Amino acid sequence: MDPLRLLCLNLYRGHVTRDDLNDLLDRVAPDVGVFQELTPPLADVVADRFAHGSLHPAPNAGGRGIASTRPIESGMLDVPHRPAPVATLHPQRWSQLDRPLGLVNLHMTHPLAFPPWRSARHRTGQVDGVLDHARENGDLLVVGDLNAAPGWPSYRRLRGHFEDGATLVADRHRRRP
């Protein structure tokens, strides 16, 4: 059985070109794409490549979406500052799965955004929302641009409930994340 291929990509406020995105999607051939900083022109590229999902492009860093080659349930998780696209993959459509798998596309507020008290409040609320969603929805992957390193409180809170995929892969290959 082929593995489920998931690509998470911050499109850097539209600085990624359409050609670059097409080339990357050709090379990686993901089953599911999770995008942050999704602009309208790049959302067109994604929509041409994936038949399912929910895209919410914006002309600035606020665009997000989850796209899929097979049907998924899509929705939005209401968290402060940047609502998070969510999706559920069901084993009836995804032979790689033996039970439903939830995805959250979280693009956390940058910790150094001004004013810092507002940024901290947003980040706390974003993590609270994800943890509440996890308690209600079983198996869950939180992917996206977390704007957090291991020293940040938001990372530590999430790490208390989830494993860090980058760390797991790095350990497997005896590398640093």
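The values are calculated or read from the model by the stated rules, or taken from the named source; none is laboratory data. Just so it is clear, the structure is predicted and the values come from calculations on it, not from any experiment. Backbone-built Cβ (ideal geometry, glycine too); neighbour counts: all protein chains shown. Calculation scope for accessible area: heavy atoms of the full protein, side chains included, ligands and nucleic acids excluded. Shrake-Rupley method; radii C 1.70, N 1.55, O 1.52, S 1.80 Å.
Look at region 13-28: where a residue is surrounded by 15 or more Cβ atoms within 10 Å (Cβ to Cβ) and hydrophobic (A, V, I, L, M, F, W, C) and a partner is modelled with pLDDT of 95 or more and part of a loop (DSSP other than H, G, I, E, B), sitting 6+ places away or on another chain with Cβ atoms under 8 Å, you get Leu21/Leu11. The numbered conditions (1) surrounded by 15 or more Cβ atoms within 10 Å (Cβ to Cβ); (2) under 14 Å from the mean Cα position of the chain (by Cα) are all true for Ala166 except (1).
The single condition among (1) more than 14 Å from the chain's Cα centre (by Cα); (2) buried (at least 18 other Cβ atoms within 10 Å of the Cβ) that Arg121 does not satisfy is (2).
Under the condition of being open to solvent by 70 Å² or more (accessible area, probe 1.4 Å) and more than 15 Å from Pro116 (Cβ to Cβ), the residues counted in region 144-159 number 4. The set of residues in region 40-74 that are assigned to a helix (DSSP H, G or I), buried (at least 18 other Cβ atoms within 10 Å of the Cβ) and in contact with a strand residue (DSSP E or B) (Cβ under 7 Å, 6 or more places away or on another chain) comprises Ala43, Val46. Ser95 passes every criterion in (1) out of contact with any Gly (no Cβ under 9 Å at 6 or more places or on another chain); (2) free of Cβ contacts under 8 Å to residues at least 60 places away in the same chain; (3) under 29 Å from Asp2 (Cβ atoms); (4) open to solvent by 40 Å² or more (accessible area, probe 1.4 Å) apart from (2).
Only one residue in Leu89, Leu131 is among the hydrophobic types (A, V, I, L, M, F, W, C), within 30 Å of Asp2 (Cβ to Cβ) and open to solvent by less than 40 Å² (accessible area, probe 1.4 Å). Which one?
Of the residues listed, the single one that is among the hydrophobic types (A, V, I, L, M, F, W, C), within 30 Å of Asp2 (Cβ to Cβ) and open to solvent by less than 40 Å² (accessible area, probe 1.4 Å) is Leu89.
Taken over region 29-39, the residue count meeting the criterion of being in contact (Cβ under 8 Å) with a residue 40 or more places away in the chain and either hydrophobic (A, V, I, L, M, F, W, C) or surrounded by fewer than 17 Cβ atoms within 10 Å (Cβ to Cβ) (or both) is 3.
Might you check whether a residue that is aliphatic (A, V, I, L, M), part of a helix (DSSP H, G or I) and modelled with pLDDT of 95 or more occurs anywhere in region 1-19?
Scanning region 1-19, I find no residue that is aliphatic (A, V, I, L, M), part of a helix (DSSP H, G or I) and modelled with pLDDT of 95 or more, so the answer is no.
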